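> Before I ask anything, here is the structure I am working with.
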Amino acid sequence: MAGIAMAERKHATGFLHQRVLRLLEQHYPHPLTGLQLAEQLEHEGEHVLPSQVYRALRRLIDAGEARKILVAGGYAPVGSEPAILLWCRSCGALEAVPCPSLFARLEAGALAGGIAAPRCIVEVPGLCAACAGRRVR
């Protein structure tokens, strides 16, 4: 019996991992917090604790499928290329601008400075073109 319960928990863990990733992808370009994800899952009929959502997010981050957006205080799916993340302070939209050459230089500098396995992050808060245009009028 204990083996069946453990297998069900593992299945549920993988299921939650996929559901959280799906929600992040659906709401992109807007990052979501762990609590927003838990509320979305509850709205869809899945009762999960915020701690379970945060564990799923940690697994997604460790697998390179999602990342925490520090300036936005939320999480978003990760693209395949290293990118500068532009975040609009007004509407909350996130745009990833691929820039592999910049990240190669940052990683080389970090390695030269003695940092092993660097994970370079560049986030730029500002106003997107639409929000900046609304403020000019």
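> In the stretch 46-78, which residues are open to solvent by less than 60 Å² (accessible area, probe 1.4 Å) and either more than 20 Å from residue 34 (Cα to Cα) or in a helix (DSSP H, G or I) (or both)?
50, 51, 53, 56, 57, 60, 61
> Considering only residues that are free of Cβ contacts under 8 Å to residues at least 40 places away in the same chain and closer than 20 Å to residue 87 by Cβ, look in the stretch 12-45 and name the one that is surrounded by the most Cβ atoms within 10 Å (Cβ to Cβ).
37
> Hey, residue 80 hits all of (1) within 18 Å of residue 122 (Cα to Cα); (2) touching a residue at least 40 places away in the same chain (Cβ under 8 Å); (3) of a type in the set (Ser, Thr, Tyr) but one; which does it fall short on?
Of (1) within 18 Å of residue 122 (Cα to Cα); (2) touching a residue at least 40 places away in the same chain (Cβ under 8 Å); (3) of a type in the set (Ser, Thr, Tyr), only one is false for residue 80: (2).
> Now, a different point. I'm told residue 77 meets every condition in (1) touching an Asp or Glu at 6+ places or on another chain (Cβ under 7 Å); (2) farther than 14 Å from residue 24 by Cβ except one. Can you identify the failing condition by its number?
(2)
> Now, a different point. Of everything in the stretch 116-126 that's under 19 Å from residue 68 (Cβ atoms) and open to solvent by 70 Å² or more (accessible area, probe 1.4 Å), which residue is nearest to the chain's Cα centre (by Cα)?
Ranking the candidates gives 121 first.
> For the stretch 92-105, which residues satisfy the criterion of being out of contact with any His (no Cβ under 8 Å at 6 or more places or on another chain) and open to solvent by less than 70 Å² (accessible area, probe 1.4 Å)? It would help to see each step written out before you state the result.
Kept after step one, since they are out of contact with any His (no Cβ under 8 Å at 6 or more places or on another chain), are these residues of the stretch 92-105: 95-105.
Within the stretch 92-105, 96, 97, 99, 100, 102, 103, 104 qualify.
The values are calculated or read from the model by the stated rules, or taken from the named source; none is laboratory data. Remember, it's a predicted structure, so these values are computed and weren't measured experimentally. All Cβ positions, even for glycine, are placed from backbone atoms using ideal geometry, and neighbour counts span all protein chains on display. Side chains included, ligands, DNA and RNA excluded: accessible areas come from the protein's heavy atoms. Shrake-Rupley method; radii C 1.70, N 1.55, O 1.52, S 1.80 Å.
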